[in-house]
Amino acid sequence: MPVKLTDADEAILDMLSRGRCTVGYLADETDYSRQHVHNRLNVLLAAEYVRKVHDATGLYELRSDPQSDG
């Protein structure tokens, strides 16, 4: 399901394009709150742009980058 990307989404996807990241690391590196990053990751997860690799650590990886798919 396509999603209109926010600035936060683009920052998250950019970080994930470089490798796997945790919610905390994404929050630190993007200057968005952990809650906002978590919320946006849920949207990106539902759109199947990212996948959660490890529940306990909140580790995510990129599945399909919508920024480069079109």
Could you give me the residue pairs with C-beta distances under 7 Å whose first residue belongs to region 20-42 and is within 17 Å of residue 62 (Cβ to Cβ) and basic (Lys, Arg), whose second residue is open to solvent by less than 70 Å² (accessible area, probe 1.4 Å) and assigned to a helix (DSSP H, G or I) wherever it lies, and which are 6+ apart or on separate chains? 40/8; 40/9; 40/12
Report, by residue number, each residue of region 15-32 that is open to solvent by 70 Å² or more (accessible area, probe 1.4 Å) and either among the basic types (Lys, Arg) or modelled with pLDDT of 95 or more (or both). 18, 20, 25, 28, 29, 32
List the pairs whose first member sits in region 49-64 and is under 18 Å from residue 4 (Cβ atoms), whose second member is hydroxyl-bearing (Ser, Thr, Tyr) and modelled with pLDDT under 95, and whose Cβ atoms are under 6 Å apart, counting only residues at least 6 apart or on separate chains? 49/64
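The values are calculated or read from the model by the stated rules, or taken from the named source; none is laboratory data. Owing to the predicted nature of the structure, the values given are computational and were not obtained by experimental measurement. Neighbour counts are summed over all protein chains in view; Cβ atoms, including those assigned to glycine, are modelled from backbone coordinates with ideal geometry. Areas reflect the complete protein model, heavy atoms only, side chains present, ligands, DNA and RNA absent. Shrake-Rupley method; radii C 1.70, N 1.55, O 1.52, S 1.80 Å.
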